[in-house]
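Derivation of every value follows stated rules applied to the coordinates shown; laboratory data play no part. Keep in mind that what you see is a predicted model, and the values were worked out from it rather than measured. Cβ: placed from backbone, ideal geometry, glycine included. Neighbour counts: every protein chain shown.
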Amino acid sequence: MKSTTASSDDDEGEQEQSPNIILHSLFILFFTGCYQSTGDTANMARHVSIDPGKTKPAVTSSPKKKKKTIYLTFDDGPNKGTRHVLQVLTEEQVPAGFFVVGEHVYGSRDQQATWDSLQQNKWVEIYNHSYTHALHNHFEKFYANDSIVVSDFQRCSDSLHLNNKLVRMPGRNTWRMSTVNATDIVKSKAASDSLYNEGFVVVGWDVEWRFNDSLKLKQTSDEMINEIDSVLLNNQTKTPDHVVLLTHDQLFKDSAEISLLQKFIRRIKSSDEYRIEFVSKYPGAVH
Ligand SMILES: [Zn+2]
């Protein structure tokens, strides 16, 4: 079976990490979760202000505080963690985006089956993470030639028949959309511009659920929530009140990590502060 790659997307490391844990467990999940629409509430809070020219107070209404939006994104699938992420999303009924690697779809029969499951799941949107994952993590070489970059993303799009133009550049936290233009590594600027000029919308991330050398999550679910609270409070996201979370399917291969993901999502769902959306709903995420 061909191995798949999980690479820290803000890391220059060119490590190839092969999963060595084969899961035998099947997850029998009952889809009893109830995802409540978290669209901006129309509830109005009533406030009273005094008009000095009148004796009676003037009663006005103002919108209740707007919810902040979290975008869950999973990179590098399909692989051995993808199916477990899908199960959590389906049980919790929350939307998420998968930035898939074209050749991972054809890596094995199991990955092809996972790909079919991704396509059929209504809580999923599928985006483009290149066909070869930057020539198998050879980032410098890949991004030095913008025509190679564009053709690799186009190959992924064509091969998988993707129905949108959202892409994420492997190993680069770069943004190209109508509302955000940001480049983390200047050597990749020309390639980023070329992607945008060819009609792609490039999406980076604001926070990452990181992993260690053993492919274990570095932050607990509570720490991840605190990090999200902090970047939003300190206006450190690309768009105020919107936060894109990056993590990787491959990290969710065993029950401990899957539980962390589920706990994280349940805490978001139970919060009045947040809602979860597809990246396609991000402000400016259309060309
Ligand atoms: Zn990646």
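Structural remarks
- When segment 174-287 is described by a simple charge dipole with +1 on each Lys and Arg Cβ and -1 on each Asp and Glu Cβ, the residue from ALA182, VAL279, VAL244 located farthest towards its positive end is VAL279.
- Linear extension gain, SER178 paired with ASN234, 0.36 nm per residue minus alpha-carbon span: 17.8 nm
- Take each peptide in 187-196, 222-231, count the other Cβ atoms within 10 Å of every residue, and average; sorted highest first, the result is 187-196, 222-231.
- A Förster radius of 22 Å combined with the Cβ-Cβ distance from ASP193 to ILE148 puts the calculated FRET efficiency at roughly 0.90.
- Extension gain, HIS138 to GLU273, is 44.6 nm, computed as 0.36 nm per intervening residue step minus the present C-alpha separation.
- Residue pairs exceeding 18 angstrom between C-alpha atoms, taken from LYS67/LYS218; LYS238/LYS263; LYS165/LYS187; LYS68/LYS269: LYS67/LYS218; LYS238/LYS263; LYS165/LYS187.
- Model label zone, LYS216; criterion: amide N under 19 Å from point 7 Å along Cα-to-beta-carbon; scope segment 244-283: 248-264
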